[in-house]
Amino acid sequence: MDGYYSNEELKRMGFKSIGERVLISKKASIYNPSNISIGNDVRIDDFCLLVGNITLGNFIHLAPYVSIHGTGDGSVTMKDFSALSSYTTVYASSDDYSGNSITNPTVGEKYERIIASDIVIEKHAIVGLHSVILPNAYLAEGVALGAMSLLAKPTEPWGIYVGIPCKRIKERLKDCLEMEKEIYKNLSKV
């Protein structure tokens, strides 16, 4: 497909691991691919930024302008059938804004303090556009995070969360679990 790296180009990039049927836009920015694992049936669209320790499962979609920072002592893991909508940003680490340090990477480690944690986005979790996910966040299975939401804490499974800071507003349907079975059944026939 025009605009995406070929399988040969992807293999030469030096990913930690890379699956089958992976489409990565040539306009995406990927730093240190040796720290990035990508499963099967993954699509990464234009202008995405991936840096740090990142693991993408199977059937993952990163829409245009998604930014994932698995830097510092943190990492980002997206499990099967999860997705990030356009302009979503995920930070596994962040400066400490309490005033106990200087929030600037140019001053050196002696003066800065970084907050970091592993971010996990479980199966069937989806994130609406322009959302921000900060250290200490956890998206449980089936969580839907609404557009322009801010998440900095754990969520409970199969809920819809919205707002700044986001709050659970209702339950999410689980119909996609039957569709997942059908997809895997069809794959086994190929």
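Pairs of Cα atoms under 8 Å, at least six residues apart: use those to get the relative contact order of the range 42-154, whole percent.
22 percent
Please give me, ordered by residue number, the trypsin sites (Lys or Arg not before Pro) of the range 92-190 that lie in loop per DSSP and have at most 10 other Cβ atoms within 10 Å.
In loop regions of the range 92-190 (DSSP not H, G, I, E or B), the sparsely surrounded trypsin sites (Lys or Arg not before Pro) are Lys110.
Report the antiparallel proportion of the DSSP beta bridges in the chain as a percent, rounded to a multiple of 5.
Taking every DSSP beta bridge with both residues in the chain, the antiparallel ones total about 20 percent.
Could you name the lysines in cross-link range of Lys27, using Cα to Cα under 28 Å and dropping any fewer than eight places away on the same chain?
Result set, ordered by chain and number: Lys11, Lys16, Lys79, Lys123.
In the set [x] 46, 36, 28; [y] 58, 44, 23; [z] 46, 40, 32, which value of Cα extents along the principal axes in Å was calculated from the structure you see?
Read-out taken from this structure: [y].
GNM, the chain, Cα, under 10 Å: largest mean-square fluctuation among Ser86, Ser75, Ser29?
For the chain, modelled as a Gaussian network with Cα springs under 10 Å, the answer is Ser29.
Could the peptides 56-64, 156-164 be put in order, highest first, of the mean number of other beta-carbon atoms found within 10 Å of their residues?
Ranking the peptides 56-64, 156-164 by packing returns 56-64, 156-164.
Would you work out which of Ile38, Thr106, Ser93 lies farthest towards the positive end of the dipole of the chain? Charges go on Cβ: Lys and Arg +1, Asp and Glu -1.
Of the candidates, Ile38 comes out farthest on the positive side.
Which peptide among 98-108, 7-17, 44-54 comes first, and what is the full order, when sorted by highest mean count of other Cβ atoms within 10 Å?
44-54, 7-17, 98-108
I need the GluC sites (Glu not before Pro) found in the range 91-129, filtered to DSSP loop residues with at most 14 other beta carbons within 10 Å of theirs.
Hits after loop and neighbour filter: Glu109.
Hey, got the dipole for the chain? About the Cα centre, +1 on K and R Cβ, -1 on D and E Cβ, debye to the nearest 20?
Around 160 debye, computed over the chain.
Under a cut-off of 18 Å between alpha-carbon atoms, report the aspartates and glutamates in cross-link reach of Lys189, not counting same-chain residues fewer than 8 places apart.
The qualifying aspartates and glutamates are Glu20, Asp41, Glu178, Glu180.
For the charge dipole of the range 7-189, defined by +1 on Lys and Arg C-beta atoms and -1 on Asp and Glu C-beta atoms about the Cα centroid, which residue among Ser29, Thr77, Gly142 has the Cα displaced farthest towards the positive pole?
In the range 7-189, that residue is Gly142.
Return the calculated 222 nm mean residue ellipticity for the chain, to the nearest 500 deg cm²/dmol, obtained by summing -39500 (n - 2.57) across DSSP H runs with n ≥ 4 and dividing by the residue count.
Helix contribution divided over all residues of the chain: -3000 deg cm²/dmol.
Straight-line reach from Lys170: which aspartates and glutamates have a Cα under 20 Å away, not including same-chain ones fewer than 8 places off?
Glu122, Glu141, Glu156
Read-outs throughout are calculated quantities, based only on the coordinates presented, and are distinct from any laboratory measurement. Fair warning: this is a prediction, and the values are worked out from it, not measured in the lab. So basically every Cβ, Gly included, is an ideal-geometry build from the backbone, and we count neighbours across all protein chains shown.
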